[in-house]
């Protein structure tokens, strides 16, 4: 009962922290908008006389002191209104959200590849550190880390699209609408379009995760309980998978979850190479055309993803790890 | 004393080359590329930053081993008729310069902070360590993208082009100091407990003198390892930013810019404008990383956690 109450307190405190970070992000976004943006351009375009501007400024309350405007921005944010895009003349949040499925499916595809390969490869490198295969995997992972993600994409396109003509190089292909979610996972064309971008994105995360799995496994394999399990007669694969891997997953989830920012950056690069119509592609278009409201909304949304992942990682680690004591006072 | 140290390090280097031939090859590749980049004005057949020295009529000529090439351009030309070899030499120069300068900034911030945190401990240590954690959790590449994107959106592509080199150096330099701080802190904690530091303190040496003259030289090995991996990271970050159009302009291209501008030509058949600078970039990055790994094994037998 006491542990439960402590769990609730932790939960509430963690959510509180997350809310505070979001508030900070929104205030920064507001500051960027005020410093760089011109709200009147959102409404009436560029060619307006000085007098008209002043009149409109006053009517819209844009000459109000900044605390009032900040309060208005935050109030809008709570209701999902983060401003209107210069380019599209539509609410920015709706535009960013419409691009979210594309980025999400790309990350999903890449994560599947990473998960499928990094866990076996990492375990193998940890249990057979001197084997030729392990050295080969680690050598290849240096190679993978050394090739920038956009070059991997370009090389893959050169081979599979330009030379062999097997796979498409640009865009998402045919998509299907499921309610609000536009998915490319249900058509053959959509899946074919996903292969190269997902491979590209996974190429940069894979070496990192192989090393993480290997490191975490090596840590666990050195512990006494592994020796005990072996002494009791458990087979080596059983010790690796049921004992060591289970304990290795925790630090792995924690470190892996913290890579979300890096993942977003690499997604942005991948989307640029493949002209993948996701959020990163949208962001760069907004940057080129100086669409400040769209830029800040993207940043707020990315900040939100970041905060959600970090909070989840914390809560999940807490639930999975019996050793983390909630009652700090005990 | 210092002569001995140098000789020892020299013989260690030879032993290390014999032990890991891969690292020796990497060192040679890196040395050749660096030398070629440094001597670019002497080797290059034209100045790619000087609009008058090339002609758009020479645009997208292939390298000499392909049909339709021009012997004046060993590796062919890009979309503006620039000699690709010359442009790559100058581009490598920019990439390496930005990478090394950015790492110098990282070290200039991180090493003193790590030294002080490790030496003083207590609250100072907590503050520095927390700041490092927060900074690292924010993904440095994403931070750099955001900073340069806001600069570009706010002040326009023109000003971004003009101040690209200092901006890239500062943005990449400010982002990754925690790696130096962490390493310096951990190593300082080990050194600070040793007798020579206590003896120095007993003899009346100031904390500053102890840190700068006694501890710093003794923690230089792990710092050199970090510096190597960081240079690779910084060069890659610069290339990524330039590829996104947030770094070096087309008129003064780095390797990343060249790859980007060539990418637009790839489907027209002019693959060399992208692929050749790409290979040079990969060669630099692999060499630096292989060298870093070998240095880590050679200088730090216990292995670091990174």
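The values are calculated or read from the model by the stated rules, or taken from the named source; none is laboratory data. A quick note: this is a predicted structure, and the numbers were derived from the prediction, not measured. Neighbour counts are summed over all protein chains in view; Cβ atoms, including those assigned to glycine, are modelled from backbone coordinates with ideal geometry.
Can we say residue B:262 is within 11 Å of chain A (Cβ to nearest Cβ), over 18 Å from the mean Cα position of the chain (by Cα) and assigned to a helix (DSSP H, G or I)?
Taking the combined requirement at face value, the residue satisfies it.
Only one of B:132, B:117, B:147 is within 14 Å of chain A (Cβ to nearest Cβ) and more than 20 Å from residue A:268 (Cβ to Cβ). Can you tell me which?
When all the criteria are applied, what remains is B:132.
Output the helices (runs of 4 or more DSSP H) that fall wholly within the range B:15-121 and possess 2 or more residues being modelled with pLDDT of 85 or more and surrounded by 23 or more Cβ atoms within 10 Å (Cβ to Cβ), or say none.
Hits in the range B:15-121: B:84-120.
If you scan the range B:237-259, which residues turn out to be in a loop (DSSP other than H, G, I, E, B) and either under 22 Å from residue B:25 (Cβ atoms) or within 11 Å of chain A (Cβ to nearest Cβ) (or both)?
Of everything in the range B:237-259, those that are in a loop (DSSP other than H, G, I, E, B) and either under 22 Å from residue B:25 (Cβ atoms) or within 11 Å of chain A (Cβ to nearest Cβ) (or both) turn out to be B:244, B:245, B:246.
Would you check if residue B:233 is more than 20 Å from residue B:82 (Cβ to Cβ), out of contact with any helix residue (DSSP H, G or I) (no Cβ under 6 Å at 6 or more places or on another chain) and modelled with pLDDT under 85?
So residue B:233 does not fit the description; no.
Please determine, by comparing only the residues of the range B:265-274 that are more than 7 Å from chain A (Cβ to nearest Cβ) and under 26 Å from the mean Cα position of the chain (by Cα), which one is farthest from residue B:94 (Cα to Cα).
By that ranking, first place goes to B:272.
Kindly check whether there is at least one residue in the range B:145-158 that is surrounded by 22 or more Cβ atoms within 10 Å (Cβ to Cβ) and closer than 18 Å to residue B:258 by Cβ.
Checked against the condition, which is being surrounded by 22 or more Cβ atoms within 10 Å (Cβ to Cβ) and closer than 18 Å to residue B:258 by Cβ, the range B:145-158 yields no hits at all.
Which condition number does residue A:318 fail, the rest of (1) surrounded by 17 or more Cβ atoms within 10 Å (Cβ to Cβ); (2) at pLDDT below 85; (3) over 30 Å from residue A:144 (Cα atoms) being met?
Failing condition for residue A:318: (1).
Given (1) under 24 Å from residue A:313 (Cα atoms); (2) touching a residue at least 60 places away in the same chain (Cβ under 8 Å); (3) away from chain B (no Cβ under 13 Å), identify the lone condition not met by residue A:207.
Only one criterion in (1) under 24 Å from residue A:313 (Cα atoms); (2) touching a residue at least 60 places away in the same chain (Cβ under 8 Å); (3) away from chain B (no Cβ under 13 Å) is unmet by residue A:207, namely (3).
With A:249, A:241, A:304, A:294 as the choices, which residue is on the phi < 0 side of the Ramachandran plot, assigned to a helix (DSSP H, G or I) and at the interface with chain B (Cβ under 10 Å from one of its Cβ atoms)?
Answer to the selection: A:294.
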